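Have a look at the structure below, then the notes.
The values are calculated or read from the model by the stated rules, or taken from the named source; none is laboratory data. This is a predicted model, so every value here is computed, not measured. No Cβ is skipped: glycine too gets one built from the backbone with ideal geometry, and neighbour counts run over all protein chains shown.
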Amino acid sequence: MHRFHLPPEAWDTAADVLRLDGPEAHHAARVLRLEAGEDIALFDGQGRRAVCRILDVKKQHLALEVLEQAQDPPPAAPTILALGFSKAIRRSWLLEKAVELNAAGLWFWQADRSQGRIPEDVKESWQGALVAAGKQCGVSHLPDVRTFPGGLEAVLQETAAMQTVVLWEEQDQPAPVLPQAVIRLPAPCCFLLGPEGGFSPREVQVFQHAQTLAASLGPSILRWETAALTVLALRFWGQAGATGDA
């Protein structure tokens, strides 16, 4: 069954008929050439999903009869990545993998050593990459993507109530390897990563003053996207094991 994204603001849970507009409607009608009477699946990226039957196909939209719908709960132990902004050429790849590995949040922050200035708002192309990945892998929740032009201090204000781990791999001050207890922690957890140039001395003082947990992912210094994918995979595996699924 083909799957489409309907934004939360376009979803009326009390309605028996929904309307699919924009690029998703174009893809259904002009690319897949779906017709009235066929069934499709919808999701909104915030846990809501439905099975619908196409009632009518127009040039700009589809009318959909709701056959069944449900609301999936959010992850019990959400994992958030707070990434020092870099002009990484593999950002879309990272966004896709974050969806597959059930990341609850991707927060990009302006680091002292960031390459370029972080945008004030999330780019439309970033959201598009998340939606495409969500349609393919069948998840009902998409990561919450934010930008933090205010830097590390702004991120730490947001993470004050959760376990925060700084992934720090300085060769002259090696941090202990990420403990199993954090990988399996059944609670919200945020992992802070610096940009490709690493944390600045000022930022090191900031997170040390905040008494965050510093950890490494092993003896190698990993690239920005490799470290991000590794910690997501560890938490994905750890949480599956904690619930008896692995």
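Residues that are small (Gly, Ala, Ser) and surrounded by fewer than 22 Cβ atoms within 10 Å (Cβ to Cβ) within segment 157-198 comprise Ala160, Ala161, Ala175, Ala181, Ala187, Gly197, Gly198, listed in sequence order. In segment 8-18, the count of residues that are closer than 23 Å to Leu142 by Cα and among the polar types (S, T, N, Q) is one or more. Among the residues of segment 57-67, none is identified as charged (D, E, K, R), at pLDDT below 95 and assigned to a strand (DSSP E or B). For segment 1-27, give me the residue count where each residue is under 21 Å from Ala132 (Cα atoms) and within 25 Å of the chain's Cα centre (by Cα). Going through segment 1-27 one residue at a time, the tally reaches 18.
Across segment 92-111, a minimum of one residue is classified as buried (at least 17 other Cβ atoms within 10 Å of the Cβ), in contact (Cβ under 8 Å) with a residue 60 or more places away in the chain and over 17 Å from the mean Cα position of the chain (by Cα). Within segment 28-51, the set of residues being over 24 Å from Ala129 (Cβ atoms) and assigned to a loop (DSSP other than H, G, I, E, B) comprises Arg33, Glu35, Ala36, Gly37, Glu38. Taking the criterion of being modelled with pLDDT of 85 or more and surrounded by 15 or more Cβ atoms within 10 Å (Cβ to Cβ), the residues of segment 223-246 that qualify are Glu225, Ala227, Ala228, Leu229, Thr230, Val231, Leu232, Leu234, Arg235, Phe236, Trp237, Gly238. Within segment 115-156, being within 16 Å of the chain's Cα centre (by Cα), surrounded by fewer than 19 Cβ atoms within 10 Å (Cβ to Cβ) and assigned to a loop (DSSP other than H, G, I, E, B) holds for Asp121, Val122, Lys123, Gly138, Ser140.
Those residues that are surrounded by 13 or more Cβ atoms within 10 Å (Cβ to Cβ) and either touching a Leu at 6+ places or on another chain (Cβ under 6 Å) or hydroxyl-bearing (Ser, Thr, Tyr) (or both), I need them from segment 3-52; list them, please. Within segment 3-52, Phe4, Leu6, Leu18, Leu20, Ala25, Ala28, Leu42, Asp44, Gly45, Ala50, Val51, Cys52 meet the criteria. Does Val165 meet the test of being in contact with a helix residue (DSSP H, G or I) (Cβ under 8 Å, 6 or more places away or on another chain) and under 21 Å from Gly198 (Cα atoms)? So Val165 passes the test.
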